[in-house]
Amino acid sequence: MCLGVPGKVVAIDGLDATVDFFGVRKQLRLDIVDEPVAVGDYVLNHVGFAIRRIPPEEVQETLALFDQILDVSGAKEDLMAADVRNEMAAGKDRR
Amino acid sequence: MSKDLFQELKFRDPARARALAQALARNMDAIGREVAVMHVCGSHEQAIARFGLRAVLPPTLRLVMGPGCPVCVTDGPEVDEAVALALQGVRVCTYGDMLRLPGTARSLADAQAEGGEVEVVYSISQAIELAQAHPAEQVVFFASGFETTAVATAAIALARPPENFSVLSAHKYVPAAMDLVAGSKETRIEGYLAAGHAAIITGWEIFEPFARRTGAPVVVAGFEPLDILAALVKLTELLKDGRPEVANVYPRCVTREGNKAAQASLWKVFQPASGRWRGIGEVPGGNLALTPAFAHVDARRRFAIDTGPVRDDSAAAEARGCLCGRIMLGLATPDHCPLFGTACLPESPVGACMVSSEGQCRIWHTYGGVPDLRQVG
Ligand code: SF4
């Protein structure tokens with residue numbers, strides 16, 4: 001998918017960041033993102049790599065979009081929500 | 001347009017949605033004829049189908065999906081290569097939707113059932129961990145995805161992966177396919193929506209030569225319903241004024257030049273190569289092949305891959321009447337396929353477009369057959 005998922009950086013160790021996605025913690029790589037990333041920043045994850053540091057003023061709006069996507073009413077399979085969950089799982093598990 | 005419909009769309013701001021729909025209607029009135037525009041992203045199609053967006057478009061504006069599903073365009077013979085590797089004792093890792101993607105005769109799931117080691121990973125980093133955990137084995141990552149995903153593969157190739165790790169690249173380059181669609185007389189697409197997050201890496205200027213060459217405007221769009229509507233308003237405005245330009249209505253994510261360092265890594269590790277896309281045929285410059293400098297991580301150079309025993313072109317889905325190719329070129333929609341929802345279902349897919357969560361058949365099936373028409377009717 002090309003949506004990317006936002007998460008909050010909680011720790012950084014070299015090119016590995018521990019990132020919290022809606023309560024799920026994953027290791028993301030920082031090789032690709034072209035801005036310095038600090039603890040507390042939000043980043044957009046694509047296949048286990050941070051591809052963008054989300055500017056602070058956009059964080060609320062971005063999170064609201066994903067709240068809306070993940071809020072699946074009814075039991076029916078929802079592709080967008082499922083893709084977002086897969087993307088969240090895309091980090092390495094925390095060591 | 002009824003008020004209820006807008007409520008149903010779950011827009012965060014129905015008033016803004018209504019204003020955008022009205023602007024769209026005004027632009028189409030001014031154009032005064034039918035126009036077809038294309039988006040090239042599975043996530044866009046998910047958003048469009050999920051929110052029933054086509055129902056609020058003016059009837060003269062046709063929004064079709066093009067070759068926007070990287071899993072779907074992975075060619076049968078490419079899958080055969082991964083299947084052959086798995087059956088010759090290589091541990092093959094790949095992204096989820098690739099598991100059930102049919103080769104000419106078999107999928108990686110079939111190879112797994114026949115005893116091949118096949119593992120689904122969410123990230124290429126996990127494939128590296130597997131290679132580290134199994135130093136005596138060969139681990140091949142069957143890499144699919146467009147340029148944004150290829151950048152992750154490039155980062156790993158540049159980061160000195162373990163010696164028993166290599167990449168079987170099925171990465172594809174979207175701008176090359178857009179050229180092909182634009183050159184087709186049959187398709188008659190007049191403008192394009194480009195996928196916002198891919199453009200985070202490439203920047204929007206990548207589309208400028210395309211717009212100049214083809215005379216078709218390109219608008220970079222985000223993934224909220226309102227982002228997509230706003231992009232369509234901009235696109236129809238450019239069409240109305242006869243301006244084949246590139247516009248970015250997703251400035252909160254996308255810049256003109258994009259991520260230069262990531263682009264440099266991409267083109268250090270990969271080079272454009274011509275190759276076949278499933279259902280579409282030869283796309284000049286459409287594949288991303290590893291450069292000679294990265295031969296040491298290129299599974300095609302490291303292994304003698306013999307697909308002979310696993311390849312059977314007479315069994316391929318296309319041979320069974322699957323319309324995926326025409327769908328991905330914007331020439332058909334899933335409801336044109338007699339197998340859609342009958343012989344072809346997510347549990348028993350015939351073609352690639354029903355396998356992947358980014359495939360249009362799977363998306364339409366999930367969101368209710370012909371979702372947008374149903375909402376209007
Ligand atoms: S419904 Fe199935 S067989 Fe028909 S075009 Fe879609 S994937 Fe192919």
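The values are calculated or read from the model by the stated rules, or taken from the named source; none is laboratory data. As the structure is a prediction and not an experimental result, all values here were calculated from the model. As a convention, Cβ positions derive from the backbone with ideal geometry for all residues, glycine included, and neighbour counts pool all protein chains shown.
So the values come out like this:
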item: Output for segment B:313-322, where each listed residue is in contact (Cβ under 8 Å) with a residue 40 or more places away in the chain and of a type in the set (A, V, I, L, M); result: B:Ala315, B:Ala316, B:Ala317
item: All positions within segment A:52-69 that are modelled with pLDDT of 70 or more, of a type in the set (A, V, I, L, M) and not in a strand (DSSP E or B); result: A:Val59, A:Leu63, A:Ala64
item: Total residues in segment B:278-327, condition within 16 Å of the ligand (Cβ to nearest atom) and either in contact with a strand residue (DSSP E or B) (Cβ under 8 Å, 6 or more places away or on another chain) or more than 27 Å from B:Trp267 (Cβ to Cβ) (or both); result: 14
item: Filtered residues of segment A:1-51 (kept if among the charged types (D, E, K, R), in contact (Cβ under 8 Å) with a residue 24 or more places away in the chain and in a loop (DSSP other than H, G, I, E, B)); result: A:Asp41
item: Complete set of residues in segment B:297-306 that are over 25 Å from the mean Cα position of the chain (by Cα) and in contact (Cβ under 8 Å) with a residue 40 or more places away in the chain; result: B:Arg302, B:Phe303, B:Ile305, B:Asp306
item: Residue pairs meeting the criteria (Cβ under 8 Å; at least 6 apart or on separate chains; first more than 14 Å from chain A (Cβ to nearest Cβ), in segment B:344-358; second near the ligand (Cβ under 6 Å from one of its atoms) and among the charged types (D, E, K, R)); result: none
item: Segment B:140-172: number of residues that are in a helix (DSSP H, G or I) and small (Gly, Ala, Ser); result: 5
item: Only listed residue being without any contact (Cβ under 8 Å) to a residue 60 or more places away in the chain and either part of a helix (DSSP H, G or I) or among the β-branched types (Val, Ile, Thr) (or both), chosen from B:Arg33, B:Arg62, B:Arg26; result: B:Arg26
item: Condition met for A:Val37 (among the aliphatic types (A, V, I, L, M) and at pLDDT 75 or above); result: yes
item: Conditions (1) in a loop (DSSP other than H, G, I, E, B); (2) within 21 Å of B:Pro70 (Cα to Cα); (3) in contact (Cβ under 8 Å) with a residue 24 or more places away in the chain; number of the one not met by B:Ala332; result: (3)
item: Any hit, segment B:284-305, residues being in contact with a Pro (Cβ under 9 Å, 6 or more places away or on another chain) and assigned to a loop (DSSP other than H, G, I, E, B); result: no
item: Number of positions in segment B:25-49 that are surrounded by 21 or more Cβ atoms within 10 Å (Cβ to Cβ) and within 26 Å of the chain's Cα centre (by Cα); result: 14
item: B:Gly377 being more than 16 Å from the ligand (Cβ to nearest atom), touching a helix residue (DSSP H, G or I) at 6+ places or on another chain (Cβ under 6 Å) and modelled with pLDDT under 95; result: no
item: Pick from segment A:14-38, criterion among the hydrophobic types (A, V, I, L, M, F, W, C) and over 22 Å from B:Ile200 (Cα atoms), ranking: nearest to the other protein chains (Cβ to nearest Cβ); result: A:Val24
